[in-house]
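Data first, discussion second: the structure below is written as structure tokens.
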Amino acid sequence: MDSTNNNNLNKEKNLNFKNQKNLIDNYQIFYYNQYSSINIEFISTFEIYYLKNIKKSFYIAFPSEGGLLKIVKYNYINQVSEEIYSFKNQFNIRKIKFFYEPLTQKEYLFISSKEGLFIFLIKSEKEYELINSLKKEGKTGGYSIRNAIIPIYNFEIFYNKFEKKSYLIILYSYQSGCTSKMNQTLIYKFQEKEISLIQEFSYRSFEGRSLLLLYEDNYRQKIYLITYIKQILRYIEISDKLNDYINCDDLPILFSTGPELIKLGISIMKILYKYGCIVPYKEKDLLFLCDKYGHLLIIDLLQKRFINDLNLNFNINSVIYFCNNKVIFGSRNSFLIFDIDLYKIISNHEYDYGKNCFLISVKKFVSEDNFYSLIIDYSDSKIRLFY
């Protein structure tokens with residue numbers, strides 16, 4: 001559930017983010033070596049959410065130093081933080097995702113790790129019950145093959161408002177040979193605590209997965225998964241009806257290289273844009289795709305056509321749609337606000353927290369009473385609030 005009600009935001013509100021506050025000081029950072037010891041990838045593992053019966057507050061769930069999973073409550077009216085929950089972290093957490101199920105009005109935390117996926121029912125703000133877990137075994141390794149629990153690369157849990165059903169998507173990416181990785185996409189239906197597999201796609205490649213976007217198409221009244229498969233941007237409708245596609249190569253291509261891209265010397269078929277977000281804008285749905293070097297492609301999802309190509313001239317490690325006509329990019333030591341009407345960066349918020357401190361990701365929280373903010377985690381084990 002998105003914690004942002006964009007319609008309640010005043011379009012003229014100045015997003016200056018002049019105020020900042022340390023929310024968390026003992027955040028445990030997750031990172032791994034993608035290809036070598038000098039190519040380290042940092043992954044954001046905290047989640048921000050609110051509970052339907054609690055007003056004027058939001059929650060941060062995060063793995064902390066000392067091997068604990070902690071939940072901190074922050075009241076943005078009186079600016080008071082309170083640690084309300086803590087238990088031994090036995091999961092080696094990679095991602096935490098809050099989920100609100102509208103039909104039952106129940107709230108959950110989904111936690112993924114190298115050991116599998118764990119689902120907690122939120123019974124109250126201080127009571128969490130483990131109701132289910134999901135683990136997958138397979139043959140992994142390079143020179144030496146062994147049976148092991150397959151680590152989850154990424155996942156999403158969401159409610160399909162058109163079908164009035166909930167779905168869980170899990171992406172696996174693991175070594176399955178000396179030079180290749182096995183990439184698997186599993187689509188489940190989620191109901192209460194029951195999980196049932198609907199469809200599965202798999203393929204081998206030299207690189208791992210890098211993009212998982214959900215697109216809510218209100219015009220066609222469908223929800224799609226957008227992801228790369230063999231370096232080709234493809235999409236698949238998420239439904240409990242089995243698709244006719246036999247394998248990944250049969251999935252439709254989201255955007256083929258057209259004359260306008262050839263003219264610019266760009267091929268979406270060959271460039272892997274790692275970061276992305278969906279932007280509703282002037283009766284259009286725009287897909288923002290960018291790589292870590294600041295190359296940005298903008299695609300009209302309804303028409304499936306190219307809109308624009310920009311070089312932002314700074315490194316990127318995060319991109320989110322904030323509200324109205326604003327997109328926010330995260331860079332090493334700053335976050336930058338992009339105005340879609342002007343097609344340019346309108347402000348750069350740069351902070352120096354030390355030589356070895358850099359930004360990992362940018363997330364947002366906008367309340368129904370228009371408290372708008374950014375929550376950013378850094379490599380110095382701190383999570384900071386900007387408002």
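Coordinate-derived values only; no laboratory data. In this text the structure is predicted, and so the values were computed from the model without any measurement. Note that each Cβ is placed from the backbone with ideal geometry, even for glycine, and that neighbours are counted across all protein chains shown.
Any lysines with Cα under 18 Å of the K18 Cα? List them, leaving off those in the same chain fewer than 8 positions away.
Within the straight-line cut-off, K18 pairs with K326, K363, K364.
Any idea how far the Cα center of the stretch 290-311 sits from the one of the stretch 165-196, in Å?
After rounding, the separation between the Cα centres reads 27 Å.
On a 19 Å Cα-Cα criterion, which of the cross-link pairs K73/K114; K95/K382; K56/K382 come out too long?
Details: K73/K114 27 Å; K95/K382 17 Å; K56/K382 23 Å.
As for pairs spanning more than 19 Å Cα to Cα, those are K73/K114; K56/K382.
Net charge near I54, counting Lys/Arg +1 and Asp/Glu -1 over other residues with Cβ under 9 Å of its Cβ? It would help to have the intermediate numbers written out before the result.
Details: positive: K52, K55, K56, K73; negative: E125.
That sum, taken over residues with Cβ under 9 Å, equals +3.
Going by the alpha-carbon gyration tensor, a ≥ b ≥ c the square roots of its eigenvalues, is the chain rounded (a/c under 1.5) or, if a/c is not under 1.5, prolate (a/b greater than b/c) versus oblate?
On the way: a/c = 1.29, a/b = 1.06, b/c = 1.21.
In terms of gyration-tensor shape, rounded.
So if I take the centroid of the Cα atoms in the stretch 339-353 and the same for the stretch 65-108, what is the distance between those two points in Å?
30
Setting aside same-chain residues fewer than 8 positions from K164, which lysines have a Cα under 25 Å from its Cα?
K52, K97, K106, K123, K189, K193, K222, K241, K284
Loop-only GluC sites (Glu not before Pro) in the stretch 169-257, please: DSSP not H, G, I, E or B, and at most 14 other Cβ atoms within 10 Å. Mind dumping the intermediate values first?
Working: sites: E192, E194, E200, E207, E216, E237; in loops: E192, E207.
Loop-located and lightly packed - E192.
Given axes a ≥ b ≥ c from the Cα gyration tensor, I'd like to know whether the stretch 117-219 is rounded (a/c under 1.5), prolate (a/b larger than b/c) or oblate. Write out the running numbers ahead of the final one.
On the way: a/c = 2.57, a/b = 1.52, b/c = 1.69.
It comes out oblate by the Cα gyration axes.
Just to be sure I understand: with springs between alpha-carbon atoms less than 10 Å apart, which residue in Y351, Y224, Y215 has the highest mean-square fluctuation in the Gaussian network model of the chain?
Most flexible of the set in this elastic network: Y351.
Local charge sum around S112 (other residues, Cβ-Cβ under 12 Å, Lys/Arg +1, Asp/Glu -1)?
Values: positive: R94, K95, K97, K114, K135, K136; negative: E47, E115, E156.
Net of charged neighbours comes to +3.
Looking at the stretch 333-371, which trypsin sites (Lys or Arg not before Pro) are DSSP coil and have at most 11 other C-beta atoms within 10 Å of their C-beta? Could you put the intermediate results ahead of the total?
Values: sites: K344, K355, K363, K364; in loops: K355.
Passing sites in the stretch 333-371 are K355.
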